[in-house]
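Colleague: Sharing a structure below in structure tokens format, with a few things to ask.
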Amino acid sequence: MSFLICENSTDYLDSIARLRLMDDDFMRIVFKDEDVIRQFLEIILDREVDIIECHAQYDINNILGRSISIDVLVRDGDNYINIEVQRDTKGAHPKRARFHGSLIDANTSFPNEQWDKLPNVIIIFITETDVLGYGLPIYHSHCRIDENNQMFEEGREIIYVNASIQEDTALGRLMHDMFCTDSKDMHYEFLRKRVSYYKENEGGKREMCEIWEEIRRKGLDEGKILGRQQGVIEERINSIKKLMRKNGYTLEEALDFLDIPKEERSTYIGIFTS
């Protein structure tokens with residue numbers, strides 16, 4: 001039985017057919033299944049994983065700076081594991097991995113918690129190309145003491161998986177599956193089953209279309225908000241220019257006259273001093 005949930009269904013279905021797990025929006029949807037995440041992690045980590053909790057698309061707010069929306073966050077025993085798909089080389093910078101780890105630390109610790117009880121953090125970046133450039137399929141990074149090359153046990157590990165290497169190994173076959181648009185081409189049954197559901201099953205395609213429609217609506221709403229914000233900024237810029245040109249105000253005096261909040265002033269200072 002066919003269905004039509006909105007006027008854009010045909011376009012959505014065409015887009016769904018082209019999706020791969022290397023597309024983070026699709027990966028987040030498929031990884032809502034806890035068993036899929038568990039088997040996926042066991043291949044990368046080469047050990048058993050006992051999931052206590054898991055979240056696909058987990059938002060971490062930072063009131064003092066940049067917030068993040070991470071693809072997958074898993075609690076495994078004493079570990080928090082963050083899985084990120086990074087197609088853009090710039091998005092896979094090692095300092096981004098450090099930043100993810102710091103915000104996970106800040107949001108998973110508790111007041112008065114003993115320092116040695118802080119959970120370990122594992123950041124996994126799955127990259128479309130060999131970002132680190134050493135030609136390896138996987139990279140494990142830990143802190144070490146320079147003078148004796150011993151491990152510095154601060155509880156953080158960063159793993160880069162180079163998805164461009166698709167050798168006939170457990171990891172290589174997994175990375176091959178990350179690029180498949182057709183579930184029939186996948187090696188692993190646990191991935192093939194979930195991808196097939198969203199791409200070929202009527203109920204799965206309906207669910208995907210609904211998600212696509214929600215993303216579209218959210219994008220439109222955010223666009224309207226940004227448009228209104230941009231309109232306010234442009235109006236203020238024009239007012240500042242008039243006050244400075246006609247009334248001889250300094251920039252600071254114009255900002256005071258217009259009652260522009262202090263936390264917003266850097267925007268205008270940057271515009272007028274650049």
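The values are calculated or read from the model by the stated rules, or taken from the named source; none is laboratory data. Computed from a predicted structure; not experimentally measured. Every residue, glycine as well, gets a Cβ built from its backbone with ideal geometry; the counts of neighbours run over all protein chains shown. Side chains are part of the model used for accessible areas, which takes the heavy atoms of the whole protein and leaves out ligands, DNA and RNA. Shrake-Rupley method; radii C 1.70, N 1.55, O 1.52, S 1.80 Å.
Colleague: Distance in nm between label sites at residue 229 and residue 120, each 7 Å beyond Cα in the beta-carbon direction?
Modeller: Going by the 7 Å Cα→Cβ label model, 3.9 nm.
Colleague: Rounded if a/c is under 1.5, else prolate if a/b is larger than b/c, else oblate: which is the stretch 41-138, with a ≥ b ≥ c the root eigenvalues of its Cα gyration tensor?
Modeller: oblate
Colleague: Further, regarding this structure: Out of all DSSP beta bridges with both ends in the chain, state the antiparallel percent to the nearest 5.
Modeller: Here the antiparallel bridges make up roughly 55 percent for the chain.
Colleague: Related question: For the chain, just say rounded, prolate or oblate: build the C-alpha gyration tensor, square-root its eigenvalues into a ≥ b ≥ c, call rounded for a/c under 1.5, and beyond that prolate if a/b exceeds b/c, oblate if not.
Modeller: oblate
Colleague: Can you send over the solvent-accessible area of residue 266, 1.4 Å probe, protein chains only, in Å² to the nearest 10?
Modeller: 80 Å²
Colleague: Using helices alone, I'd like the mean residue ellipticity at 222 nm for the chain: each DSSP H run of four-plus residues gives -39500 (n - 2.57), total over residue count, nearest 500.
Modeller: So the helix-based figure for the chain works out to -15000 deg cm²/dmol.
Colleague: Taking the Cα-to-Cβ direction at residue 257 and at residue 167 and moving 7 Å from each Cα, how far apart do the two end points lie in nm?
Modeller: Distance between label points: 6.9 nm.
Colleague: For a protection proxy built on the mean count of beta-carbon atoms within 10 angstrom, sort 112-123, 199-210, 32-43 highest first, please.
Modeller: Highest mean packing first, the order is 32-43, 199-210, 112-123.
Colleague: Rolling a 1.4 angstrom probe over the protein chains, ignoring ligands and nucleic acids, what is the accessible area of residue 89 in square angstrom, nearest 10?
Modeller: About 80 Å², ignoring ligands and nucleic acids.
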